[in-house]
1. Under the condition of being at pLDDT below 90 and β-branched (Val, Ile, Thr), which residue from region 9-25 is surrounded by the fewest Cβ atoms within 10 Å (Cβ to Cβ)?
2. Looking at PRO111 and the list (1) within 16 Å of the ligand (Cβ to nearest atom); (2) closer than 30 Å to LEU227 by Cα; (3) loosely packed, with under 15 Cβ neighbours inside 10 Å, which single condition is not satisfied?
3. So is VAL59 over 23 Å from ASP170 (Cβ atoms), among the aliphatic types (A, V, I, L, M) and out of contact with any helix residue (DSSP H, G or I) (no Cβ under 8 Å at 6 or more places or on another chain) or not?
4. Restricting to region 269-292, name every residue that is surrounded by 14 or more Cβ atoms within 10 Å (Cβ to Cβ) and either in contact with a Ser or Thr (Cβ under 8 Å, 6 or more places away or on another chain) or modelled with pLDDT under 50 (or both).
5. So which residues in region 210-234 are charged (D, E, K, R) and farther than 20 Å from GLN198 by Cβ, if there are any at all?
Amino acid sequence: SVSAESMRPSENVDERTIIYKSDEAKKRIDEATTLNLLFKNLDRETKQHVVDAMFEKSVVANEIVIKQGDEGDYFYVIEHGLFEIFVNGQLVLEIGDGGSFGELALMYNTPRAATVRAKTNGTLWAVGRETFLRTITNSVYRKRKAYEDFLRSVSFLSTLDRSEITKLADALEPNNYDDGDTIISQGEPGEHFYIIEQGTVSISKISDTGIEQQLPSLNVGSYFGELALINDQPRKATVVARGSVRVAALRRDAFVRLLGPVMDIFRRNAAEYNLQQGRPQESSDNHVSSQI
Ligand code: 1OR
(Lines give C-alpha, C1' and ligand atoms only; values in the text may rest on other atoms or scores of the structure.)
Protein backbone atom coordinates (compact mmCIF):
# COMPACT_ATOMS: atom_id res chain seq x y z
CA SER A 1 0.00 0.00 0.00
CA VAL A 2 0.92 3.62 -0.10
CA SER A 3 2.63 5.75 2.46
CA ALA A 4 0.79 8.98 1.89
CA GLU A 5 2.18 12.38 2.57
CA SER A 6 0.03 15.08 1.14
CA MET A 7 1.34 18.47 0.27
CA ARG A 8 -1.02 21.16 1.32
CA PRO A 9 -3.95 21.24 -1.12
CA SER A 10 -4.33 24.84 -2.10
CA GLU A 11 -6.54 27.40 -3.77
CA ASN A 12 -3.53 28.43 -5.76
CA VAL A 13 -3.85 27.10 -9.31
CA ASP A 14 -0.12 26.63 -9.64
CA GLU A 15 0.20 24.34 -6.68
CA ARG A 16 -0.33 20.66 -7.08
CA THR A 17 -1.20 17.94 -4.66
CA ILE A 18 1.45 15.26 -4.76
CA ILE A 19 0.99 12.11 -2.76
CA TYR A 20 3.97 9.79 -2.77
CA LYS A 21 3.39 6.43 -4.45
CA SER A 22 5.52 3.35 -4.90
CA ASP A 23 6.19 2.08 -8.43
CA GLU A 24 3.90 -0.79 -7.63
CA ALA A 25 1.05 1.57 -6.74
CA LYS A 26 1.68 3.58 -9.91
CA LYS A 27 1.41 0.39 -11.91
CA ARG A 28 -1.91 -0.48 -10.29
CA ILE A 29 -3.26 3.00 -11.06
CA ASP A 30 -2.08 2.69 -14.62
CA GLU A 31 -3.96 -0.56 -15.04
CA ALA A 32 -7.10 0.87 -13.48
CA THR A 33 -7.08 3.99 -15.66
CA THR A 34 -5.97 2.79 -19.10
CA LEU A 35 -9.44 1.69 -20.17
CA ASN A 36 -11.28 4.51 -18.44
CA LEU A 37 -12.81 6.95 -20.90
CA LEU A 38 -12.28 9.98 -18.68
CA PHE A 39 -8.56 9.28 -18.66
CA LYS A 40 -8.25 8.40 -22.31
CA ASN A 41 -8.45 11.99 -23.41
CA LEU A 42 -5.93 13.37 -20.94
CA ASP A 43 -2.54 14.32 -22.24
CA ARG A 44 0.49 12.81 -20.47
CA GLU A 45 1.17 15.75 -18.24
CA THR A 46 -2.42 16.19 -17.12
CA LYS A 47 -2.73 12.50 -16.39
CA GLN A 48 0.43 12.66 -14.29
CA HIS A 49 -1.12 15.57 -12.41
CA VAL A 50 -4.19 13.45 -11.59
CA VAL A 51 -2.20 10.37 -10.65
CA ASP A 52 0.05 12.45 -8.36
CA ALA A 53 -2.98 13.70 -6.46
CA MET A 54 -4.67 10.32 -6.03
CA PHE A 55 -4.82 8.58 -2.72
CA GLU A 56 -5.72 5.02 -2.01
CA LYS A 57 -8.92 4.17 -0.18
CA SER A 58 -9.78 0.66 0.95
CA VAL A 59 -13.43 -0.17 1.37
CA VAL A 60 -15.25 -3.12 2.89
CA ALA A 61 -18.36 -4.81 1.56
CA ASN A 62 -21.55 -2.83 2.20
CA GLU A 63 -19.69 0.40 2.86
CA ILE A 64 -21.40 3.50 1.49
CA VAL A 65 -18.83 5.48 -0.48
CA ILE A 66 -21.17 8.18 -1.79
CA LYS A 67 -24.57 9.14 -0.47
CA GLN A 68 -27.16 10.62 -2.83
CA GLY A 69 -27.86 14.27 -1.99
CA ASP A 70 -24.49 14.90 -0.32
CA GLU A 71 -22.10 17.52 -1.53
CA GLY A 72 -19.40 16.25 -3.89
CA ASP A 73 -15.86 15.97 -2.57
CA TYR A 74 -14.02 13.18 -4.39
CA PHE A 75 -13.99 11.38 -7.71
CA TYR A 76 -13.13 7.67 -7.54
CA VAL A 77 -11.47 5.16 -9.85
CA ILE A 78 -11.98 1.48 -9.04
CA GLU A 79 -8.81 -0.57 -8.83
CA HIS A 80 -10.75 -3.63 -7.79
CA GLY A 81 -14.10 -4.49 -6.28
CA LEU A 82 -17.74 -4.27 -7.29
CA PHE A 83 -19.83 -1.20 -6.62
CA GLU A 84 -23.60 -0.78 -6.80
CA ILE A 85 -25.22 2.49 -7.85
CA PHE A 86 -28.63 3.34 -6.42
CA VAL A 87 -30.84 6.20 -7.56
CA ASN A 88 -33.74 6.90 -5.18
CA GLY A 89 -33.15 3.52 -3.59
CA GLN A 90 -33.31 1.63 -6.89
CA LEU A 91 -30.28 -0.31 -8.12
CA VAL A 92 -29.45 1.15 -11.56
CA LEU A 93 -25.93 -0.03 -12.27
CA GLU A 94 -23.07 -2.19 -11.08
CA ILE A 95 -19.50 -1.24 -11.91
CA GLY A 96 -16.15 -2.95 -11.39
CA ASP A 97 -12.42 -2.78 -12.06
CA GLY A 98 -11.31 0.21 -14.12
CA GLY A 99 -14.66 1.94 -13.75
CA SER A 100 -15.14 5.28 -12.06
CA PHE A 101 -17.83 7.28 -10.29
CA GLY A 102 -18.45 10.54 -8.50
CA GLU A 103 -17.71 12.85 -11.44
CA LEU A 104 -21.20 14.37 -11.82
CA ALA A 105 -21.42 16.35 -8.59
CA LEU A 106 -17.93 17.75 -9.22
CA MET A 107 -18.43 18.60 -12.87
CA TYR A 108 -21.83 20.21 -12.53
CA ASN A 109 -21.56 21.41 -8.95
CA THR A 110 -24.73 19.53 -8.01
CA PRO A 111 -25.59 17.20 -5.12
CA ARG A 112 -24.57 13.55 -5.52
CA ALA A 113 -26.98 12.06 -8.06
CA ALA A 114 -26.75 8.52 -6.70
CA THR A 115 -25.66 6.41 -3.76
CA VAL A 116 -22.64 4.19 -4.34
CA ARG A 117 -22.19 1.13 -2.14
CA ALA A 118 -19.40 -1.42 -2.13
CA LYS A 119 -20.75 -4.87 -2.94
CA THR A 120 -17.41 -6.50 -2.17
CA ASN A 121 -14.25 -5.40 -0.40
CA GLY A 122 -12.26 -3.21 -2.73
CA THR A 123 -9.65 -0.58 -3.46
CA LEU A 124 -10.36 2.87 -4.83
CA TRP A 125 -8.18 5.75 -5.95
CA ALA A 126 -9.66 9.08 -4.93
CA VAL A 127 -9.09 12.46 -6.58
CA GLY A 128 -10.08 15.63 -4.74
CA ARG A 129 -12.49 18.15 -6.21
CA GLU A 130 -9.93 20.83 -7.01
CA THR A 131 -7.58 18.56 -8.85
CA PHE A 132 -10.51 16.98 -10.66
CA LEU A 133 -11.83 20.35 -11.82
CA ARG A 134 -8.43 21.52 -12.94
CA THR A 135 -7.62 18.40 -14.89
CA ILE A 136 -10.38 16.03 -15.92
CA THR A 137 -13.32 18.46 -16.10
CA ASN A 138 -11.19 20.87 -17.99
CA SER A 139 -10.17 18.30 -20.50
CA VAL A 140 -13.71 16.91 -20.87
CA TYR A 141 -15.01 20.41 -21.60
CA ARG A 142 -12.23 21.24 -23.98
CA LYS A 143 -12.76 18.01 -25.89
CA ARG A 144 -16.53 18.50 -25.91
CA LYS A 145 -16.23 22.04 -27.22
CA ALA A 146 -13.77 21.07 -29.93
CA TYR A 147 -15.87 18.11 -31.07
CA GLU A 148 -19.16 20.00 -30.96
CA ASP A 149 -17.80 22.58 -33.37
CA PHE A 150 -16.41 19.92 -35.66
CA LEU A 151 -19.54 17.71 -35.54
CA ARG A 152 -21.81 20.61 -36.40
CA SER A 153 -19.85 21.01 -39.63
CA VAL A 154 -20.29 17.35 -40.59
CA SER A 155 -23.18 17.09 -43.01
CA PHE A 156 -24.31 13.52 -42.31
CA LEU A 157 -24.91 14.55 -38.69
CA SER A 158 -27.00 17.61 -39.53
CA THR A 159 -30.22 15.98 -38.28
CA LEU A 160 -28.85 15.58 -34.73
CA ASP A 161 -30.02 18.12 -32.18
CA ARG A 162 -27.80 19.94 -29.70
CA SER A 163 -27.93 17.41 -26.90
CA GLU A 164 -27.36 14.53 -29.30
CA ILE A 165 -24.27 16.31 -30.62
CA THR A 166 -23.01 16.85 -27.06
CA LYS A 167 -23.43 13.19 -26.14
CA LEU A 168 -21.66 12.19 -29.32
CA ALA A 169 -18.83 14.64 -28.58
CA ASP A 170 -18.31 13.09 -25.15
CA ALA A 171 -18.26 9.54 -26.51
CA LEU A 172 -15.79 10.10 -29.37
CA GLU A 173 -12.22 9.01 -28.90
CA PRO A 174 -9.49 10.75 -30.89
CA ASN A 175 -6.94 8.53 -32.65
CA ASN A 176 -3.92 9.58 -34.67
CA TYR A 177 -2.30 7.60 -37.46
CA ASP A 178 0.88 8.09 -39.45
CA ASP A 179 1.23 7.68 -43.19
CA GLY A 180 0.79 4.02 -44.12
CA ASP A 181 -0.80 2.91 -40.85
CA THR A 182 -3.67 0.47 -41.24
CA ILE A 183 -6.82 1.67 -39.51
CA ILE A 184 -9.11 -1.18 -40.55
CA SER A 185 -8.15 -4.58 -41.96
CA GLN A 186 -10.44 -6.46 -44.30
CA GLY A 187 -11.80 -9.65 -42.72
CA GLU A 188 -11.43 -8.52 -39.13
CA PRO A 189 -14.38 -8.02 -36.80
CA GLY A 190 -15.44 -4.39 -36.43
CA GLU A 191 -15.62 -2.67 -33.04
CA HIS A 192 -15.45 1.00 -34.04
CA PHE A 193 -17.04 3.55 -36.32
CA TYR A 194 -14.87 6.43 -37.56
CA ILE A 195 -15.24 10.04 -38.66
CA ILE A 196 -12.24 11.65 -40.36
CA GLU A 197 -11.15 14.82 -38.58
CA GLN A 198 -7.95 15.43 -40.48
CA GLY A 199 -6.26 13.93 -43.52
CA THR A 200 -7.13 11.35 -46.14
CA VAL A 201 -7.54 7.57 -46.04
CA SER A 202 -7.26 5.17 -48.96
CA ILE A 203 -9.48 2.14 -49.20
CA SER A 204 -8.81 -1.14 -50.95
CA LYS A 205 -10.72 -4.32 -51.22
CA ILE A 206 -9.64 -7.82 -52.18
CA SER A 207 -12.38 -9.69 -54.05
CA ASP A 208 -13.26 -13.35 -53.57
CA THR A 209 -11.16 -14.09 -56.65
CA GLY A 210 -8.17 -12.38 -55.07
CA ILE A 211 -8.17 -9.21 -57.15
CA GLU A 212 -7.35 -6.00 -55.32
CA GLN A 213 -9.60 -3.08 -56.11
CA GLN A 214 -8.82 0.49 -55.12
CA LEU A 215 -11.87 2.44 -53.92
CA PRO A 216 -12.15 6.23 -53.80
CA SER A 217 -10.31 7.88 -50.90
CA LEU A 218 -12.17 9.59 -48.09
CA ASN A 219 -11.48 13.03 -46.63
CA VAL A 220 -12.39 15.24 -43.68
CA GLY A 221 -16.03 14.89 -42.58
CA SER A 222 -16.48 11.47 -44.18
CA TYR A 223 -17.20 8.39 -42.16
CA PHE A 224 -16.25 4.76 -42.46
CA GLY A 225 -16.61 1.53 -40.54
CA GLU A 226 -20.37 1.64 -40.15
CA LEU A 227 -21.32 -1.45 -42.14
CA ALA A 228 -19.56 -4.05 -40.04
CA LEU A 229 -21.41 -2.63 -37.03
CA ILE A 230 -24.80 -2.36 -38.72
CA ASN A 231 -24.65 -5.77 -40.41
CA ASP A 232 -22.55 -7.55 -37.80
CA GLN A 233 -20.16 -8.79 -40.48
CA PRO A 234 -16.37 -8.71 -40.84
CA ARG A 235 -14.71 -5.64 -42.37
CA LYS A 236 -15.21 -5.62 -46.14
CA ALA A 237 -12.16 -3.52 -47.02
CA THR A 238 -8.85 -2.24 -45.69
CA VAL A 239 -8.41 1.40 -44.72
CA VAL A 240 -4.94 2.97 -44.66
CA ALA A 241 -3.82 6.45 -43.59
CA ARG A 242 -2.42 8.66 -46.37
CA GLY A 243 -0.24 11.20 -44.66
CA SER A 244 -1.03 11.92 -41.06
CA VAL A 245 -4.62 11.24 -40.17
CA ARG A 246 -6.76 12.02 -37.18
CA VAL A 247 -10.04 10.20 -36.67
CA ALA A 248 -12.78 10.36 -34.07
CA ALA A 249 -13.69 6.79 -33.16
CA LEU A 250 -16.92 5.61 -31.64
CA ARG A 251 -17.24 2.22 -29.97
CA ARG A 252 -19.93 -0.19 -31.13
CA ASP A 253 -22.22 0.29 -28.10
CA ALA A 254 -22.07 4.09 -28.36
CA PHE A 255 -22.57 3.92 -32.13
CA VAL A 256 -25.83 2.03 -31.69
CA ARG A 257 -26.96 4.24 -28.82
CA LEU A 258 -26.04 7.64 -30.25
CA LEU A 259 -26.28 7.34 -34.02
CA GLY A 260 -29.71 5.72 -34.24
CA PRO A 261 -31.14 8.90 -35.82
CA VAL A 262 -28.56 8.70 -38.61
CA MET A 263 -29.02 5.01 -39.40
CA ASP A 264 -31.31 5.78 -42.35
CA ILE A 265 -28.62 7.84 -43.99
CA PHE A 266 -26.12 5.00 -43.55
CA ARG A 267 -28.56 2.50 -45.03
CA ARG A 268 -29.48 4.74 -47.95
CA ASN A 269 -25.86 5.31 -48.86
CA ALA A 270 -25.11 1.62 -48.56
CA ALA A 271 -27.99 0.82 -50.94
CA GLU A 272 -26.73 3.43 -53.39
CA TYR A 273 -23.37 1.71 -53.35
CA ASN A 274 -24.89 -1.65 -54.17
CA LEU A 275 -26.82 -0.19 -57.10
CA GLN A 276 -23.82 1.53 -58.60
CA GLN A 277 -21.33 -1.26 -57.93
CA GLY A 278 -19.04 1.51 -56.82
CA ARG A 279 -19.11 3.98 -54.05
CA PRO A 280 -20.60 7.36 -54.65
CA GLN A 281 -17.70 9.79 -54.48
CA GLU A 282 -20.03 12.34 -53.04
CA SER A 283 -23.69 11.77 -52.31
CA SER A 284 -26.43 14.38 -52.34
CA ASP A 285 -25.81 14.86 -48.62
CA ASN A 286 -22.23 15.77 -49.34
CA HIS A 287 -20.82 12.87 -47.42
CA VAL A 288 -19.39 9.55 -48.37
CA SER A 289 -20.50 6.10 -47.43
CA SER A 290 -17.62 3.81 -46.82
CA GLN A 291 -18.91 0.25 -47.14
CA ILE A 292 -16.64 -1.08 -44.47
P1 1OR B 1 -22.09 11.79 -8.51
O2 1OR B 1 -21.01 12.73 -8.23
O3 1OR B 1 -23.45 12.33 -8.72
C4 1OR B 1 -22.85 9.47 -7.67
O5 1OR B 1 -22.15 10.66 -7.39
C6 1OR B 1 -22.26 8.85 -8.88
O7 1OR B 1 -22.89 7.67 -9.37
C8 1OR B 1 -22.43 9.79 -10.06
O9 1OR B 1 -21.67 10.96 -9.83
C10 1OR B 1 -22.00 8.91 -11.20
O11 1OR B 1 -20.60 8.85 -11.26
C12 1OR B 1 -22.49 7.54 -10.74
N13 1OR B 1 -27.37 8.33 -12.40
C14 1OR B 1 -26.62 9.06 -11.56
N15 1OR B 1 -25.37 8.73 -11.17
C16 1OR B 1 -24.83 7.63 -11.72
C17 1OR B 1 -25.57 6.84 -12.60
C18 1OR B 1 -26.88 7.20 -12.94
N19 1OR B 1 -24.77 5.82 -12.96
C20 1OR B 1 -23.59 5.97 -12.33
N21 1OR B 1 -23.61 7.06 -11.57
N22 1OR B 1 -27.70 6.47 -13.80
C23 1OR B 1 -29.00 7.03 -14.24
C24 1OR B 1 -30.15 6.35 -13.52
C25 1OR B 1 -31.49 7.00 -13.80
C26 1OR B 1 -27.37 5.17 -14.33
C27 1OR B 1 -26.97 5.25 -15.77
C28 1OR B 1 -26.77 3.88 -16.37
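The values are calculated or read from the model by the stated rules, or taken from the named source; none is laboratory data. No experiment lies behind these values; they were computed from the predicted model shown. Positions of Cβ are backbone-derived with ideal geometry, glycine not excepted, and every protein chain shown enters the neighbour counts.
1. If we filter region 9-25 for residues that are at pLDDT below 90, which is where we start, we get 9-17.
When the remaining residues are screened for being β-branched (Val, Ile, Thr), the result is 13, 17.
Values: VAL13: 8, THR17: 19.
Of everything passing the filter in region 9-25, VAL13 is surrounded by the fewest Cβ atoms within 10 Å (Cβ to Cβ).
2. Of the numbered conditions (1) within 16 Å of the ligand (Cβ to nearest atom); (2) closer than 30 Å to LEU227 by Cα; (3) loosely packed, with under 15 Cβ neighbours inside 10 Å, the odd one out for PRO111 is (2).
3. Working: over 23 Å from ASP170 (Cβ atoms): yes; among the aliphatic types (A, V, I, L, M): yes; out of contact with any helix residue (DSSP H, G or I) (no Cβ under 8 Å at 6 or more places or on another chain): yes.
Criteria met by VAL59.
4. Of region 269-292, the ones surrounded by 14 or more Cβ atoms within 10 Å (Cβ to Cβ) are 269-270, 272-273, 279-280, 283, 285, 287-292.
Once the filter is applied, which keeps residues that are surrounded by 14 or more Cβ atoms within 10 Å (Cβ to Cβ) and either in contact with a Ser or Thr (Cβ under 8 Å, 6 or more places away or on another chain) or modelled with pLDDT under 50 (or both), region 269-292 yields ASN269, ALA270, GLU272, TYR273, ARG279, PRO280, SER283, ASP285, HIS287, VAL288, SER289, SER290.
5. As a first pass, look at region 210-234 and keep what is charged (D, E, K, R): 212, 226, 232.
Passing the criteria: GLU212, ASP232.
Yes/no matrix, rows are residues, columns are (1) at pLDDT 95 or above; (2) among the basic types (Lys, Arg); (3) within 16 Å of the ligand (Cβ to nearest atom):
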position	(1), (2), (3)
MET7	no, no, no
LYS27	no, yes, no
GLU31	no, no, no
ASN36	no, no, yes
ASN41	no, no, no
THR46	no, no, no
HIS49	no, no, no
